[in-house]
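Participant: I have a structure I would like to understand better, so I am pasting it below and will then ask my questions one at a time.
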Amino acid sequence: MNPKKLLRPHKMINPERIISRFRVKKGLPPGATVFTGKKKVEKIAIHYLEFNEETLTDDLLDNESITNYHEPDETVMQWYDVRGLHDTTMIDDFGKVFKVHPLVLEDIVDVHQRPKFDEYEHGIYLCFRSLLFDEESEEIHTEQLSIYFGQGFLLSFQEQASDTFADVRQRIHNGRGRVRARGSDYLAYALLDAAIDHYFLVIESIEQRIEELEEEISSEPSDRTKSRIHHLKNEMIKVRKAISPLREAIGQFAKSDHEFIADRTQVFVRDAYDHTIQLMDIVETYRDTLSGLQDLYISELSFRMNKVMQVLTIVTTIFVPLSFLAGVYGMNFEHMPELKYRYSYFILLGVMALVGIGALILFKIKKWL
């Protein structure tokens, strides 16, 4: 963990960055495919899986052969997993082959979309975000994932080269579960469920950081502690912004009566909906916990400051009478009988010692120490 990263000021949302993506589209008709993100892969990769209960084909395709893809076949399931979104021409080619609505193509390359569920004549569009927790910087990285599925096919679009759906792909290869025997609606659910599983991993990582902060505040709070609390509170906002609208989208998915969604699939979708509700409850709890830790941090600093002030006050209180005695006998008056006595100095030191000890005993009785 890099302390410098945690101590840097939090980056506030810049309205100019939000508005800039709309400036790119200014003057263009609805449905124009304009990439609004950053190029995250050098070369777009298309991972192709074709399967049913008996057969499986796994291939890596190039974007120049899209127009040669064969039509969806009811006997097999076709899954095209595209990694990289900056080639809008390729996205348009997918749209022509699979009759994807232009508004869907526009949403696929606009990486700032809110999670949504939309139904169209030739397919269904589902958009959501994946979350990944960086252990070193304690930052949550997000990536937009888009799914479009119809009869016998599913298109998935990821911004980065890393595979969020690796577990689902492995299950298909191993022939485990229901994916090989079900349609595109169940595959869409499986991909969505894989992303939700990642949410739980992110939440678990944040939970560990919260426990560390509780121990840190109890033992030795510092400016770094305050910075970490503030940082995690802002990261929890990212999680909430990803899960809250997704809950609405999954709710629409679960209630849909579209011909491409089977009744037996909706049972599993409702289970995913329950998971998002559970996640939202955990997110709200952790946000409250972090707010409580912030208050605890302030209280702990105040308590430590009060202890310091208490010690300084006690020391001052003890030395006030001693300073008075020293001041009296430090005056330059000529007629002070005690000054002529042989043991006056030692007697004064003894009185000072008794006064100091007596003050300490009084403070102990009053439980000020």
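Quick note: the coordinates plus some simple rules give every number you see, no bench work behind them. Worth saying up front: this structure is predicted, and the values here are computed from it rather than measured. Here the Cβ is made from the backbone with ideal geometry for all residues, glycine too, and neighbour counts use every protein chain on show.
Participant: At each listed q (0.19 Å⁻¹), what is the log10 of I(q)/I(0) that the Debye formula gives for segment 233-311 modelled as equal alpha-carbon point scatterers?
Facilitator: Debye output, listed in q order: -0.83.
Participant: Among the aspartates and glutamates, select those whose C-alpha is under 15 Å from the C-alpha of LYS39, and discard any that sit fewer than 8 residues away in the same chain.
Facilitator: Correct list for LYS39: ASP87, ASP110, GLU143, GLU159.
Participant: I need the per residue convex hull volume for segment 31-186, using only the alpha carbons, in cubic angstrom as a whole number. Don't skip to the end; give the middle numbers.
Facilitator: Details: hull volume 18.8 nm³, N = 156.
Considering the Cα atoms of segment 31-186, their hull volume per residue is 120 Å³.
Participant: Please identify the helices of the chain, taking whole runs of DSSP H, that span at least 20 Å along their own axis as judged from the Cα atoms and have a mean Kyte-Doolittle score of 0.5 or higher.
Facilitator: Values: long enough: 184-219 (53 Å, 0.07); 223-255 (49 Å, -0.78); 263-328 (97 Å, 0.33); 344-365 (31 Å, 2.24).
Span-like helices here: 344-365.
Participant: According to the Kirkwood expression over distinct Cα-Cα pairs, how big is the hydrodynamic radius of segment 79-150, in Å?
Facilitator: On the way: mean 1/r = 0.0754 Å⁻¹.
With all distinct Cα pairs of segment 79-150 included, I get 13.3 Å.
Participant: Tell me, what is a quarter of the convex hull surface for the C-alpha atoms of segment 235-369, in nm² with one decimal? Don't skip to the answer; put the middle values down first.
Facilitator: Numbers: hull surface 59.3 nm².
Value for segment 235-369: 14.8 nm².
Participant: Under a plain spin-label model, where a point goes 7 Å from the Cα along Cα-to-Cβ, how far apart in nm are ASP223 and THR316?
Facilitator: For the pair ASP223/THR316, the computed spacing is 2.7 nm.
Participant: Looking at the P(r) of segment 94-210, how many percent of alpha-carbon pairs lie beyond 20 Å?
Facilitator: On the way: 3188 of 6786 pairs.
The calculated P(r) of segment 94-210 puts 47 percent of pairs beyond 20 Å.
Participant: Now a separate question. Which entries of LYS307/LYS367; LYS116/LYS238; LYS38/LYS226; LYS40/LYS99; LYS38/LYS241 have Cα-Cα distances beyond 22 Å here? Intermediate values should be presented prior to the final figure.
Facilitator: Details: LYS307/LYS367 13 Å; LYS116/LYS238 17 Å; LYS38/LYS226 32 Å; LYS40/LYS99 27 Å; LYS38/LYS241 20 Å.
From LYS307/LYS367; LYS116/LYS238; LYS38/LYS226; LYS40/LYS99; LYS38/LYS241, over 22 Å: LYS38/LYS226; LYS40/LYS99.
Participant: Same structure again: Under the classification rounded if a/c is under 1.5, otherwise prolate if a/b is larger than b/c and oblate if not, where does segment 329-369 fall, given a ≥ b ≥ c as square roots of the Cα gyration tensor eigenvalues?
Facilitator: Details: a/c = 5.56, a/b = 2.90, b/c = 1.92.
Note, shape of segment 329-369 comes out prolate.
Participant: Please report, in whole Å, how far the alpha carbons of the chain spread along each principal axis, starting with the longest.
Facilitator: Principal axes ranked by extent give 119, 45, 32 Å for the Cα atoms.
Participant: Compute the separation of the alpha-carbon centres of segment 102-168 and segment 227-281 and state it in Å as a whole number.
Facilitator: Between the Cα centre of segment 102-168 and that of segment 227-281, the gap is 14 Å.
Participant: Provide the FRET efficiency to the nearest 0.05 for the ASN306-GLU211 pair, computing r from the beta carbons and using R0 = 22 Å.
Facilitator: Details: r = 27 Å, r/R0 = 1.21.
About 0.25, to the nearest 0.05.
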